[in-house]
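All remarks here apply to the structure that follows.
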Amino acid sequence: MSNEQSGQLSASMEDYLEAILQLERASRVARVSEIANQLQVSRPSVTGALKSLSARGLVTHARYGHVTLTSKGLGLALEVERRHNTIRDFLTDILGVSPQKAESAACKMEHVLDPEVLEHFVAFAEQHGVGRKREGQS
């Protein structure tokens, strides 16, 4: 059974939620073109992803309109962001990886680690103070 069928979001769908969250913070709403630019994908790819996210009750999107996270989508987006930021901060603060490499590696790691392993990693890092100084930043 795929992640989509089991109720889990794919790495790509998580990236969309995180991008929408960041765009909403910057300008209260997100637009298809802005999402496409941020994720470096085509507008039709964004439209397809939004249909899937909308069907799951995670975003609202009217054709040619703005995209906003629902409360459920916001919760998931914040969780994705928390994991991402914790991994990035661990790589920079604990391992001394450059910010650019840490950002890129965090994007990859958050999607390839087994979910249980990822949760243990994030919990360990948070227990040891990683990411707390930047809480709320993205």
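The residues listed here are T47, T60, T68; of these, the one that is free of Cβ contacts under 8 Å to residues at least 40 places away in the same chain and touching a Ser or Thr at 6+ places or on another chain (Cβ under 9 Å) is T60.
The numbered conditions (1) assigned by TED's automatic domain parsing to the domain that holds H120; (2) assigned to a helix (DSSP H, G or I); (3) surrounded by fewer than 19 Cβ atoms within 10 Å (Cβ to Cβ) are all true for G96 except (2).
Of all residues in the range 66-80, those satisfying the criterion of being assigned to a helix (DSSP H, G or I) and surrounded by fewer than 20 Cβ atoms within 10 Å (Cβ to Cβ) are S71, K72, L74, G75, L78, E79. The conditions of being modelled with pLDDT of 95 or more, more than 24 Å from M109 (Cα to Cα) and in a loop (DSSP other than H, G, I, E, B) are met by G57.
Quick one: would you say V97 is in contact with a Leu (Cβ under 7 Å, 6 or more places away or on another chain) and over 20 Å from L23 (Cα atoms)? Before you say what the answer is, go through the steps one by one.
On the way: in contact with a Leu (Cβ under 7 Å, 6 or more places away or on another chain): yes; over 20 Å from L23 (Cα atoms): yes.
Judged against the criteria, V97 is a match.
Quick one: A55 ticks every box in (1) surrounded by fewer than 17 Cβ atoms within 10 Å (Cβ to Cβ); (2) among the hydrophobic types (A, V, I, L, M, F, W, C); (3) in contact (Cβ under 8 Å) with a residue 24 or more places away in the chain bar one, so which box is it? Status for A55: all satisfied but (3). Can you name the residue in the range 12-50 that is polar (S, T, N, Q) and in a helix (DSSP H, G or I) and is also surrounded by the most Cβ atoms within 10 Å (Cβ to Cβ) among such residues? It comes out as Q38. Taking the criterion of being modelled with pLDDT under 95 and aliphatic (A, V, I, L, M), the residues of the range 1-25 that qualify are M1, L9, A11. Would it be correct to say that S104 is among the hydroxyl-bearing types (S, T, Y), modelled with pLDDT of 90 or more and under 14 Å from the mean Cα position of the chain (by Cα)? So S104 passes the test.
The values are calculated or read from the model by the stated rules, or taken from the named source; none is laboratory data. Treat the numbers as computed from the prediction; the structure is a model and nothing was measured. We place every Cβ from the backbone using ideal geometry, glycine too, and count neighbours over all the protein chains shown.
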